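To start, the structure under review is shown below, and the notes come after it.
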Amino acid sequence: MTLSQGRHYLAIPGPSVVPDRVLQAMHRPAPNIYEGELVELTETVIQDLKSVGRTQHDVAIYIANGHGAWEAAIANTHSRGDRVLVLATGLFGLGWAEIARRLGVECRIVDFGRSSDIDVTQVEAELAADGTREFKSVLMVHTDTSTGVRNDVAAVRAALDRTGHPAILMVDCIASLACDRFEMDAWGADVMVAGSQKGLMTPPGMAFVYFGPRADGSRDRADCVSAYWDWRPRVKPKEFYQHFGGTAPTHHLFGLRAALDMIVDEGIENVWARHERLARAIWEAFDAWATDGPMRLNIDCPGKRSCAVTSVRIGAPHGVRLRRWLTDNLGVTLGIGLGMDEPDDPEGKGFFRLGHMGHVNAHMILGLLGTIEAGLVTLGIPHGKDALAAAARICAEGEAS
Ligand SMILES: *Cc1c(COP(=O)(O)O)cnc(C)c1O
């Protein structure tokens, strides 16, 4: 006998839980791709994508995953031999740098390690030292999904402004969009990349590259760009198919429309507030568990933690044992530790991650925490008491009427 029957809960940081409303919107015959409903729906999707990204600028859509968005963003703004400054706070910043490098772009990587955010003083020093203004762009990840850190985008913009450096600011919001507050225009990002399968609650397969006028100016000179990745026909198509460089991702568009309806109905401020409250419930539980035993949140400072993903250190081999036991016995799958290998734990068996992005509510998070507690008890992993009560109190805050 196991308790894993019923709806399985994939609590990994992407793909996230897909709402029934999104699945149902996708369950239909293919539409005409030349005229009618799909053409009109695409325009509304673009408008709502812009409002979720808090921008008046453009957004190009690609049939791709996040890696595709990374490549599209670099290709449209760089030439072979360009230099860029990469601010790495985990695996994903390094991953974006690798994509850039393979396109022939030279990366100066400043690595802030695996449990810190970007140190803006250091960024400012890097920019000030670049006297000949070699850096064409600064690449950063808003929420790094491997470490769970959330970086301050506006602060990096301010460092660029203080040093008068002309590099464009490019931000990866693949994990954070519609989870952690992000304001593209107010914070001064020139490029922002996102994907469908995290906060946007739609299956993987659509990628978004948002860009402002300064980034589009870089496009004039960029020789990395190819016909397929070119963002210009995608945002100003003469024919509908040019939005997508070919056949539209028909069913993804229906799904995404439903997901955006849910976000618009709830209100983006409420979406962010919900993620914040649920994340605090998770942190409270882990703080309680951490009072006894090996479990620790990877990011110490609550103000630097993402509200979309949490990375936890529990010590090898407990991370693997806990994940395996929960999947086999309780119907919950936690995320693997990613990029967190250490000399005495080369496979990162001492880490796990929780995805809490998109379609999540209090009973899912409290259930998730309850299954982790069951795992700790069964596997004999020492832990502090009253974690679930602490999380429940956060969920109950201010809800009395
Ligand atoms: C998921 C993720 C990616 C990669 O997206 P894929 O769809 O797996 O290619 C990149 N950056 C961040 C921050 C992510 O969370």
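Descriptive notes on the structure:
- Residue among PRO233, PRO204 that is surrounded by fewer than 24 Cβ atoms within 10 Å (Cβ to Cβ) and within 13 Å of the ligand (Cβ to nearest atom): PRO204
- Residue selected from the stretch 187-197 under the condition assigned to a loop (DSSP other than H, G, I, E, B) and touching a strand residue (DSSP E or B) at 6+ places or on another chain (Cβ under 8 Å), by the criterion nearest to GLY66 (Cα to Cα): SER196
- THR291 meets the conditions (1) of a type in the set (Val, Ile, Thr); (2) under 30 Å from GLY384 (Cβ atoms); (3) not in a loop (DSSP other than H, G, I, E, B) in every case but one. The failed one is (3).
- Helices (runs of 4 or more DSSP H) fully within the stretch 316-401 counting 2 or more residues that are under 27 Å from GLY113 (Cα atoms) and out of contact with any helix residue (DSSP H, G or I) (no Cβ under 9 Å at 6 or more places or on another chain): 318-330
- Counting only residues that are closer than 17 Å to ASP48 by Cβ and part of a helix (DSSP H, G or I), the stretch 237-252 holds 2 of them.
- Number of residues in the stretch 71-107 that are within 13 Å of the ligand (Cβ to nearest atom), farther than 20 Å from VAL123 by Cβ and either of a type outside the set (Val, Ile, Thr) or surrounded by fewer than 19 Cβ atoms within 10 Å (Cβ to Cβ) (or both) equals 3.
- Residue match in the stretch 151-162 (condition: in contact with a Ser or Thr (Cβ under 7 Å, 6 or more places away or on another chain) and either farther than 23 Å from ASP58 by Cβ or not aromatic (Phe, Trp, Tyr) (or both)): yes
- Here ARG353 passes the criteria (1) within 24 Å of HIS275 (Cα to Cα); (2) among the basic types (Lys, Arg); (3) surrounded by fewer than 19 Cβ atoms within 10 Å (Cβ to Cβ) except the one numbered (3).
- A residue that is in a loop (DSSP other than H, G, I, E, B), in contact with a strand residue (DSSP E or B) (Cβ under 6 Å, 6 or more places away or on another chain) and modelled with pLDDT of 95 or more occurs somewhere in the stretch 298-305.
- Apart from one condition, SER16 fits all of (1) more than 16 Å from the ligand (Cβ to nearest atom); (2) small (Gly, Ala, Ser); (3) within 17 Å of CYS173 (Cβ to Cβ); the exception is (1).
- Residues in the stretch 372-401 that are over 23 Å from LEU10 (Cβ atoms) and touching a Leu at 6+ places or on another chain (Cβ under 6 Å): HIS383 alone.
- Checking GLU284 against (1) of a type in the set (D, E, K, R); (2) surrounded by 20 or more Cβ atoms within 10 Å (Cβ to Cβ); (3) within 22 Å of the chain's Cα centre (by Cα), the condition it does not meet: (3)
- Tally of residues being more than 9 Å from the ligand (Cβ to nearest atom) and either in contact with a strand residue (DSSP E or B) (Cβ under 8 Å, 6 or more places away or on another chain) or polar (S, T, N, Q) (or both) across the stretch 142-186: 21
- Looking only at the stretch 108-131, and only at residues there that are surrounded by 20 or more Cβ atoms within 10 Å (Cβ to Cβ) and β-branched (Val, Ile, Thr), the one that is farthest from LEU160 (Cα to Cα): ILE118
- Residues satisfying the stated conditions in the stretch 87-129, i.e. free of Cβ contacts under 8 Å to residues at least 60 places away in the same chain, outside any helix (DSSP H, G or I), closer than 20 Å to GLY68 by Cα and among the aliphatic types (A, V, I, L, M): ALA88
- Qualifying residue in the stretch 203-224 (condition: within 14 Å of THR143 (Cβ to Cβ), of a type in the set (Gly, Ala, Ser) and assigned to a loop (DSSP other than H, G, I, E, B)): no
- Taken over the stretch 236-245, the criterion of being in contact (Cβ under 8 Å) with a residue 60 or more places away in the chain and either surrounded by fewer than 17 Cβ atoms within 10 Å (Cβ to Cβ) or not assigned by TED's automatic domain parsing to the domain that holds ARG219 (or both) is satisfied by PHE240, TYR241.
- Residue match in the stretch 253-264 (condition: under 20 Å from the mean Cα position of the chain (by Cα), aromatic (Phe, Trp, Tyr) and part of a helix (DSSP H, G or I)): no
- Selection count, the stretch 36-67, where residues are among the charged types (D, E, K, R), over 15 Å from VAL209 (Cβ atoms) and in contact (Cβ under 8 Å) with a residue 12 or more places away in the chain: 2
The values are calculated or read from the model by the stated rules, or taken from the named source; none is laboratory data. As the structure is a prediction and not an experimental result, all values here were calculated from the model. Counting neighbours? That spans all protein chains shown, and the Cβs are built from the backbone with ideal geometry, glycine included.
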